[in-house]
1. In segment B:199-255, what residues are of a type in the set (Asp, Glu) and within 30 Å of B:PRO346 (Cα to Cα)?
2. If I ask for residues that are touching a helix residue (DSSP H, G or I) at 6+ places or on another chain (Cβ under 7 Å) and not hydroxyl-bearing (Ser, Thr, Tyr), which ones from segment A:148-166 would you list?
3. Within segment A:102-212, which helices (runs of 4 or more DSSP H) (wholly inside it) include 3 or more residues that are under 28 Å from A:SER83 (Cβ atoms) and within 14 Å of chain B (Cβ to nearest Cβ)?
4. Being under 17 Å from the mean Cα position of the chain (by Cα) and within 19 Å of A:LEU45 (Cβ to Cβ) is the filter here; which residues of segment A:66-94 pass it?
5. Any residue at all in segment B:322-345 that is at pLDDT below 90 and among the aliphatic types (A, V, I, L, M)?
6. So which residues in segment A:216-227 are assigned to a loop (DSSP other than H, G, I, E, B) and at the interface with chain B (Cβ under 10 Å from one of its Cβ atoms), if there are any at all?
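The values are calculated or read from the model by the stated rules, or taken from the named source; none is laboratory data. Predicted model only: the values in this text are computed from it and were never measured. All Cβ positions, glycine included, derive from the backbone under ideal geometry; neighbour counts span all protein chains shown.
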Amino acid sequence: MMLNNPKILLIEDDLQTRRFLKKNLNTRNWEVIDADSGISGLAMLKEAVPDLLILDLGLPDMDGITIIKHLRQFSTIPILVLSARSLEQTKITALDAGADDYLTKPFGIGELNSRLQALMRRINQIPINQDVFETGELKVDLSKRQVFVSQKEIKITPTEYHILFILIQHAGLVVTYKYLLKNVWGTSYLDNQHYLRIYMRRLRHKIEENPTQPRYLITETGVGYRLLNNAI
Amino acid sequence: MIFKKNICIQYVGGVLIPISCTLLNLTLEPITGRATFLMMYLFGVFLVASRWGYGASIVASLFSALLFDFYFTTPVFSLWMTNVEDLIALIIMISVGTITSNLLNQAKNAHIAKAKAEDEALRNSLLSAISHDLRTPLTRISGVATTLMENHDHIPKEEIQEFSHVIFDESQRMSELMNKILDMAKLSTGQISIHREWNTLEEVIGSALKRLEKELSTHPVNTYLSENLPLIWVDSVLFEQVIVNLIENAIKYTPSSSPIDIEANFSRQYLTITISDYGIGIPKSLENKIFDKFFRLEHETEQNGVGLGLSLCRSIIEMHGGIIQLKQVPHKGAVFVINLPIVQPPPMFLDESI
């Protein structure tokens, strides 16, 4: 664990949103510094060296995607993007440019907090050191490549395991279709989204109690999948 | 510039068509007579009138008269006319040509005016619906906020909690409403480009149910999806919205703890999705009306939304080449049936057994 509270840089142009986010995040033990524009935000990134960035995509002075691209040239800190609904393409572009996750406005503070925690977990722990992934009734033994649901071992194909493994590496965070297709099947399969859909259906049938009301493997419509790591 | 160019094309058309008619007439001359020549020219005039409008058709009409006079009246190859019958025929032709072009023109204008009026009516009802439906939650929010601001010292803790919930719920409602209005606006102006991808119905239904998790805490959902449903070729975001709207409707019009059924099966050509509730249902007489924009049942209050949900559903399903209908089923409430044409997915080369 870190000694100090993790420091978040919040780049958001709306004053009220900034105030309410700051206040709520402070009570949840995050230290928050904020910037109201892209330019001042980029300057603060270099000076204050935050652990995490929350970036509103709709800034007046700079395009959010430009900020992400620029930032990625010198920093690897996790980026959480705030965006409007029905802008799936923008979300995908932001994720491709190097953002780690997104949250659709309007959102609850609880949702924001769990995303931030997922991002922090990812930078704080090295996945290889972790032998067992556990959430709800699902248990995956990463060293033996075994999957258990309610303590019963589930037969799983190598491809299915590969998909699940990538999602575990990003537990709690969104993983785009493109990323999964590229890493499981290879770059020449980027247009073959139906492969992924069919494998996901199979995986859900094996892991989920009710595949149409999944607890673990959540669809982020138009963007990708998310493996919930705090399933109850 | 473009406008001028169009006009130019219109008048060139008005000249070219009568010339073509003349050429045709000349070829047919050995086997036909004056009546056919005149009909041919009239046909040309109608063609011009329907394609390029009034002005061009007048040009075509006069030009036809000249050509007829020149080639087909005695003396031939002169504008001079010796035969009274030819003159009468010519006058009739010009009159019929102008009158019918005029009629066509009027009909066209009336059509445009009607479309404009419909557009206008739609815009008005949209504006009033938006202002009304946005104002209601806004009134509640500002009312509750004022109470909190002015009496914050003596409000019991539970009430603060309750007030905060009102603010949150109302703002969520506004946000949902905004989404619907924006979707509708984009759909009706043709701004939405549909972004089709292969998906499984299970996944779309799953994410719709996830989105409605909170609202569904009071209504159990039963899903009956037949095995091996074919892949669907849809815009996932829009299609999910259809499912969300239909489930939302079921939640709205049924008492709490009343179940909602989602079924899906398929035939050779169609995938059929049925969403039904066990409420009072919708009378058959309203079968078509409920899909109209801004249609609301008479007893509905502002709680029930703008009446855009079902009309959005219909627009989206039709964009996918499918149909959505209301069905009357004994012992059930509102039953909505979607029929979606099945599209053959690209081949898959699976390297492992299931």
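1. B:GLU202, B:GLU203, B:GLU227, B:ASP235, B:GLU240, listed by residue number.
2. Kept after step one, since they are touching a helix residue (DSSP H, G or I) at 6+ places or on another chain (Cβ under 7 Å), are these residues of segment A:148-166: A:149, A:154, A:156, A:159-160, A:162-164, A:166.
A:VAL149, A:ILE154, A:ILE156, A:GLU160, A:HIS162, A:ILE163, A:LEU164, A:ILE166, listed by residue number.
3. In segment A:102-212, A:109-124, A:177-184, A:193-207 are the helices (runs of 4 or more DSSP H) which contain 3 or more residues that are under 28 Å from A:SER83 (Cβ atoms) and within 14 Å of chain B (Cβ to nearest Cβ).
4. Residues satisfying the conditions are A:ILE68, A:ARG72, A:THR76, A:ILE77, A:PRO78, A:ILE79, A:LEU80, A:VAL81, A:LEU82, A:ALA94.
5. no
6. Matches in segment A:216-227: A:THR221, A:GLY222, A:VAL223.
Residue by residue, here is whether (1) modelled with pLDDT of 85 or more; (2) in a helix (DSSP H, G or I) holds:
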{"position": "B:ILE19", "(1), (2)": "yes, yes"}
{"position": "B:MET40", "(1), (2)": "yes, yes"}
{"position": "B:VAL48", "(1), (2)": "yes, yes"}
{"position": "B:ALA60", "(1), (2)": "yes, yes"}
{"position": "B:TRP80", "(1), (2)": "no, no"}
{"position": "B:GLU85", "(1), (2)": "no, yes"}
{"position": "B:ILE94", "(1), (2)": "no, yes"}
{"position": "B:THR100", "(1), (2)": "no, yes"}
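One line per residue, one yes/no per condition, for (1) outside the structural domain of A:LYS69 (by TED's automatic domain parsing); (2) of a type in the set (D, E, K, R); (3) surrounded by fewer than 18 Cβ atoms within 10 Å (Cβ to Cβ):
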| residue | (1), (2), (3) |
| --- | --- |
| A:LYS91 | no, yes, no |
| A:ASN113 | no, no, yes |
| A:GLU137 | yes, yes, yes |
| A:GLN151 | yes, no, yes |
